[in-house]
1. What is the gain in length, in nm to one decimal, between Asp620 and Tyr271 on full extension, counting 0.36 nm per residue of separation less the C-alpha to C-alpha distance?
2. Sorted by mean Cβ packing within 10 Å, highest first, what order do the peptides 379-385, 258-264 take?
3. When only Cα pairs under 8 Å and 6 or more residues apart are kept, what is the percent relative contact order across region 267-399?
4. Counting only heavy atoms of the protein chains, get the accessible area per residue of region 736-808 (1.4 Å probe) and round it to a whole Å² value.
5. Counting only protein heavy atoms, what percent of the accessible surface of region 519-593 is carbon or sulfur at a 1.4 Å probe?
6. What does the highest-first list of 664-675, 529-540, 624-635, 759-770 look like by mean Cβ count within 10 Å?
7. Residue by residue, what Karplus-based ³J(HN,Hα) values in Hz, rounded to whole numbers, does region 247-259 have, using 6.51, -1.76 and 1.60 with θ = phi - 60° and x for Gly and Pro?
8. Suppose the chain between Lys238 and Asp225 were pulled fully straight at 0.36 nm per residue; how much longer would it get relative to their current alpha carbon spacing?
Amino acid sequence: MAGARVAVTFQVECSCTKPGEEVFVVGGARELGSWRPEKALACRTSAQAFPLWTSEPLRLSASPSKQEFKILVKNRRHGGEARWESGQNRSLHLPKSNGGQVQLTVSCAWGVSEVSVKSKIASTGSLEASQSDSSRSSLPRVDTAAPALVEAVEKAVDEEEEEEESDDEVPELQPATSFKRALSGGSDTGRPANMERRTSRHLCLTQDGQLNPEMSRVPSMMLIDLDELQEESDSRQKEVEALETRARLNTNMRRMASGSLIEQMSEITDYANPSRTFMLQGFNWESWRAGSGDWYGLVGEKADLLADMGFTDVWLPPCSASVAPQGYLPSQLFNLDGSQYGSQAALEALVRKFHSVGLRAVADIVVNHRCGDKQDGQGKWNQFTSGMTSRPSFAGIMDWGGWAITLGDQYSDGSGQHGPGNTDGKFDAAPDIDHRNKKVQESISIWLRWLRLQVGIDGWRFDFVKGYAAEFVGLYCQKSEPAWAVGELWGDMQYDDNGLCHDQNRHRQDLCNWINATGKRSTAFDFTTKGILQEACRHSQYWRLKDRDGKPAGLIGWMPKYAVTFIDNHDTGSTQRHWPFPDDKVLIGYAYILTHPGIPSIFWDHVMDWGEDHRRKIADLMKARRDSEIPVDAKVHIKCADDGLYLAEIGSPPAIRVALGPRGAGEPDMNHWSHGASGNGYRVWVKRSVPPEPVKAPEPAKEAVKAPAPAKVRREVSAPEIARHEAEHTEREIRLQEEVQALRSQAAKLEKEHASEKAELSEQVQRLQQENSALKSQTKQLQKENSSLRSKVTEFQQEATQLQPQQLQPQPPQPRTEVPAATSQLFRTNTAPAPAHKADKPPLLTEQARGARVRWVPRTNSN
């Protein structure tokens with residue numbers, strides 16, 4: 001019948017669990033977690049029942065009649081990845097009953113596809129009574145390991161206790177009220193059900209992984225350090241007090257003066273230590289789609305893993321309602337339920353989860369622009385509403401009109417107060433907000449304080465800060481008291497005909513100017529280092545990583561305390577790939593930023609989407625940085641920055657050493673260094689905390705003065721020792737021969753290159769000689785032609801001197817054609833103009849002597 005429910009108990013046989021792991025049943029039904037591991041149905045076991053795990057009775061709806069489920073194993077206390085069994089989903093067909101309630105016992109085994117079901121009909125009253133009894137008592141749980149390990153523990157702890165074997169193939173679990181805890185002394189002391197601990201004893205292992213039965217028989221309470229317990233209790237007390245203070249400030253936020261509110265907020269702020277900060281960008285460009293509306297829940301499942309890797313901060317996507325699903329075209333800033341990443345409640349739950357494992361939440365703040373959700377009388381989208389509906393004291397906050405938009409913007413109605421600043425960048429996709437407007441400043445400050453006190457956000461990442469003045473970022477930090485903040489100032493780098501310029505001082509100077517303009521209340525993403533580093537890694541041009549002063553070439557070389565280094569983000573990488581780091585060089589990039597000054601930021605894709613091996617290598621680099629304990633502004637000693645090799649030691653004194661590139665860097669003094677992370681194209685060494693003591697050479701034996709010298713005894717050398725020495729000698733000889741051969745090959749290669757260069761130079765010299773000969777021939781030919789021309793000039797001069805004097809006098813006026821004015825001006829002399837005549841031929845120019853004036857003598861018919 002409709003609405004009937006079936007009571008189901010799962011029994012799973014699983015012996016592959018490790019200490020601390022438990023077995024869970026997950027399925028499509030809501031009671032089975034809707035395929036979410038964190039909400040799966042837990043199964044319990046005991047030392048007597050292992051490897052059989054049994055769940056509490058669960059009431060499933062008989063509609064639909066077919067339910068699918070799977071078995072998984074995970075460590076609920078310490079997080080970590082869930083291990084799913086392979087194969088197809090298991091199927092359970094639920095029967096319908098018109099009489100009493102149906103009770104099913106579903107039995108299965110890990111890795112075996114068969115499912116057996118036993119059913120019986122029970123009255124409603126008896127079922128409710130049994131469920132009530134089971135709810136009041138809880139089964140004892142123990143952490144289990146491999147069967148052999150469990151047998152060893154049972155033998156060591158209860159070696160004198162004999163248990164009767166049951167005739168049943170699968171033993172039934174005993175209720176908690178009858179469970180007796182066996183102590184090491186042999187006494188059998190019972191405890192109330194509410195005093196039962198999660199595990200009966202600790203499984204203590206030695207350094208080589210073997211069981212230590214003497215320590216394993218000690219009761220758990222004996223292993224508690226009271227000083228640590230008191231310290232943990234004090235820490236928890238401070239956390240509770242901070243939460244209470246935050247709730248009180250959130251309630252009274254609109255009733256308190258902002259100065260007093262900010263002062264009290266500072267007392268509960270967990271300020272970031274930049275030298276110990278590791279930030280993860282907790283999303284990519286497609287996360288809104290990948291999370292299916294609950295990206296916050298997906299990230300929350302990874303919180304324990306991120307904390308174990310050593311992250312301290314997680315940068316979350318924009319949390320407000322937005323026109324674009326990625327969140328970067330925000331509209332109603334207070335409306336967190338309109339986000340594609342999840343609801344406000346899910347975000348607050350995620351932040352609480354972060355805080356419980358020691359992580360801070362960094363929100364993406366998009367306030368350069370804002371999309372209106374209503375149109376004005378002119379049809380412009382410049383009317384804004386806040387989206388706040390639950391708190392009347394916030395009425396009117398973020399309810400803006402056209403007056404909040406900068407003058408000259410396409411969405412402005414002309415009622416604004418200020419135009420854009422001289423250096424403000426333009427964002428064409430949405431209205432640009434006028435941050436010089438006092439009401440705008442107050443509204444944004446209130447919204448940021450609400451995010452801190454209501455949601456629990458710790459820090460800010462300011463988007464597109466080149467669109468408004470840096471002083472306003474400093475103002476908003478001052479008015480909201482974040483743990484720390486970082487701004488995205490993405491400017492253009494300098495290029496020439498050969499590509500990226502080596503000198504990028506102007507680019508990083510812009511970053512320095514912006515940081516200083518915020519009052520140093522915000523850090524900045526080091527885009528300079530990203531651009532230089534990815535170009536250096538792409539072409540093995542590691543000389544780019546050293547500036548002319550011998551310092552790192554990015555912002556970390558000038559202001560490392562305020563530089564947030566990164567490899568890629570949702571804009572440069574992900575599916576947009578506007579400026580991506582070379583994929584095959586990403587780990588080399590992380591080897592650089594995780595060993596150098598600055599605050600490292602790591603991209604979600606590189607940790608979560610590129611495989612377990614990639615995540616492990618990044619974790620190893622993070623561990624090397626933590627172990628070295630270098631400060632955020634550590635000094636960098638660059639020992640080599642050349643084609644194919646970058647070698648540097650960081651710290652004063654050096655605490656971490658890194659080599660990048662295909663060329664070998666050699667081994668340092670291993671008395672002072674230990675091997676750290678390494679991979680294709682990079683190696684890291686970490687300073688030894690205590691250098692090993694050098695091995696002292698044995699002192700020569702002193703000769704006795706009076707006693708006669710003992711006879712020399714020749715030690716016999718065994719055959720295996722001789723063979724070992726011969727093998728070592730042979731191996732050394734082979735290695736030397738290989739080195740000699742390599743040197744010879746290198747010499748031959750160099751000689752070949754030299755010969756090739758010599759041949760090229762010879763060809764060039766020969767070609768130049770031929771060109772020189774041709775030029776000489778041309779010079780001789782020109783000299784001949786010059787001599788011939790000089791001869792003709794001499795003949796012409798002689799002919800001119802032989803002319804009669806009367807021929808040089810002015811001739812009587814003759815009728816002539818009109819000469820153009822330009823020609824007349826060109827041939828004008830100091831004498832009187834020649835009489836007009838009729839010229840049949842071009843005029844003749846004569847020269848009487850060197851330095852004499854030239855006179856125009858027109859040709860006549862008689863001449």
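1. Answer, rounded to one decimal: 123.1 nm.
2. For the peptides 379-385, 258-264, the packing ranking is 379-385, 258-264.
3. 23
4. Value for region 736-808: 95 Å² per residue.
5. The C+S portion of the solvent-accessible surface of region 519-593 is 43 percent.
6. Result, highest mean Cβ count within 10 Å first: 529-540, 624-635, 664-675, 759-770.
7. Listing the rounded values in order: 5, 5, 5, 5, 5, 9, 4, 7, 9, 9, 5, 4, x Hz.
8. Stretched out fully, the Lys238 to Asp225 stretch lengthens by 2.7 nm.
The values are calculated or read from the model by the stated rules, or taken from the named source; none is laboratory data. All of these numbers come straight from a predicted model, not from anything done at the bench. Methodologically, a virtual Cβ is constructed for each residue, glycine included, from the backbone with ideal geometry; neighbour enumeration extends over all protein chains shown. What goes into the accessible areas is simple: the full protein's heavy atoms, side chains included, and nothing from ligands, DNA or RNA. Shrake-Rupley method; radii C 1.70, N 1.55, O 1.52, S 1.80 Å.
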